[in-house]
Amino acid sequence: MLKVGLTGGIGSGKSEVSRRLAARGAVVVDADKIAREVVEPGTPGLAQIVAAFGEGVLRPDGTLDRERLGSIVFADTEKLRILNGIVHPKVGERSEQLQREAPDDAVVVYDVPLLAENNLAPLYDVVIVVDTPDDVRLERLLRSRGMSEADARARIAAQASREDRLRIADIVIGNEGSLDQLEAQVDRVWQDLSTRASSQR
């Protein structure tokens, strides 16, 4: 099994790369998706978040208001630490379960937003960084996610710098061009990963 860490800052297009690798046969373990699952209504994760941050982080239907919670924690490093302390262990447990269920010869891609921030690079055989200039990421967040500029800048600032991410990269996918250009890069990366996986067997 080849364990691949995939990361990139918010707005870099990491999820797009993840989808394209999955279409080529990778087993994708999506930390963001798992992070949503472990705080769904009725989960211990959601109960712990409400205990820590109050009922105000819930929508009227009882689901987590991620935008409201985000605006609280991204402005306060101590509150962000508390949230991460609740969510990260649960994401880790679920990720390990999915890895155990993958075939022995799989290329397992872990889609991990905070890979650099949490010093997780040593856990993977290969680290892929989706690299996009900060100004391009900012423009995407304003256009496609409808964030305010202040909120978008706060999210970018709360994550690792481009330099910190690039320092841990084995493979870099530059994503400031067209989807066709991205597709060609993902093709080359998939061939590389497949070769590495074969040589491990």
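For (1) in contact (Cβ under 8 Å) with a residue 60 or more places away in the chain; (2) farther than 18 Å from E16 by Cα; (3) of a type in the set (G, A, S); (4) open to solvent by 20 Å² or more (accessible area, probe 1.4 Å), each residue gets a yes or a no:
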| site | (1), (2), (3), (4) |
| --- | --- |
| G92 | no, yes, yes, yes |
| E96 | no, yes, no, yes |
| Q99 | yes, yes, no, yes |
| D135 | no, yes, no, yes |
| A157 | no, yes, yes, yes |
| S161 | no, yes, yes, yes |
| D164 | no, yes, no, yes |
| R167 | no, yes, no, yes |
| V172 | no, no, no, yes |
*Of the numbered conditions (1) of a type in the set (A, V, I, L, M); (2) out of contact with any helix residue (DSSP H, G or I) (no Cβ under 7 Å at 6 or more places or on another chain); (3) in a helix (DSSP H, G or I), L141 fails exactly one; give the number of that condition.*
(2)
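Being open to solvent by 20 Å² or more (accessible area, probe 1.4 Å) and over 16 Å from V130 (Cα atoms) is the filter here, so list the residues in segment 2-12 that pass it.
Result: K3, single match.
Here's the yes/no breakdown for (1) modelled with pLDDT of 95 or more; (2) in a loop (DSSP other than H, G, I, E, B); (3) among the polar types (S, T, N, Q); (4) out of contact with any strand residue (DSSP E or B) (no Cβ under 9 Å at 6 or more places or on another chain):
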site: I10; (1), (2), (3), (4): no, yes, no, yes
site: R20; (1), (2), (3), (4): yes, no, no, yes
site: V29; (1), (2), (3), (4): no, no, no, no
site: D32; (1), (2), (3), (4): no, no, no, no
site: E40; (1), (2), (3), (4): yes, yes, no, no
site: Q48; (1), (2), (3), (4): yes, no, yes, yes
site: I72; (1), (2), (3), (4): no, no, no, yes
site: A75; (1), (2), (3), (4): no, yes, no, yes
*Answer yes if at least one residue in segment 101-119 is assigned to a helix (DSSP H, G or I) and modelled with pLDDT of 90 or more, and no otherwise.*
yes
*Could you tell me whether any residue of segment 45-58 is over 15 Å from V4 (Cβ atoms) and touching a residue at least 40 places away in the same chain (Cβ under 8 Å)?*
yes
*Taking segment 13-37 as the search range and keeping residues that are among the small types (G, A, S) and free of Cβ contacts under 8 Å to residues at least 60 places away in the same chain, which one is surrounded by the fewest Cβ atoms within 10 Å (Cβ to Cβ)?*
A23
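So, A51, is that one open to solvent by 70 Å² or more (accessible area, probe 1.4 Å), hydrophobic (A, V, I, L, M, F, W, C) and closer than 30 Å to V172 by Cβ or not? Before you say what the answer is, go through the steps one by one.
Numbers: open to solvent by 70 Å² or more (accessible area, probe 1.4 Å): yes; hydrophobic (A, V, I, L, M, F, W, C): yes; closer than 30 Å to V172 by Cβ: no.
Criteria not met by A51.
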*If only one of T63, T77 is of a type in the set (V, I, T), more than 18 Å from V112 (Cα to Cα) and open to solvent by 90 Å² or more (accessible area, probe 1.4 Å), which one is it?*
T77
*Just wondering, is there one or more residues in segment 183-199 that are touching a Phe, Trp or Tyr at 6+ places or on another chain (Cβ under 9 Å), buried (at least 17 other Cβ atoms within 10 Å of the Cβ) and of a type in the set (F, W, Y)?*
no
*If you check S199 against the conditions, is it over 20 Å from L6 (Cα atoms) and assigned to a helix (DSSP H, G or I)?*
yes
*Please determine, by comparing only the residues of segment 137-149 that are open to solvent by less than 40 Å² (accessible area, probe 1.4 Å) and touching a residue at least 12 places away in the same chain (Cβ under 8 Å), which one is farthest from E163 (Cα to Cα).*
L141
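The values are calculated or read from the model by the stated rules, or taken from the named source; none is laboratory data. Just so it is clear, the structure is predicted and the values come from calculations on it, not from any experiment. Cβ: placed from backbone, ideal geometry, glycine included. Neighbour counts: every protein chain shown. For accessibility, only protein heavy atoms count, side chains too; no ligands or nucleic acids. Shrake-Rupley method; radii C 1.70, N 1.55, O 1.52, S 1.80 Å.
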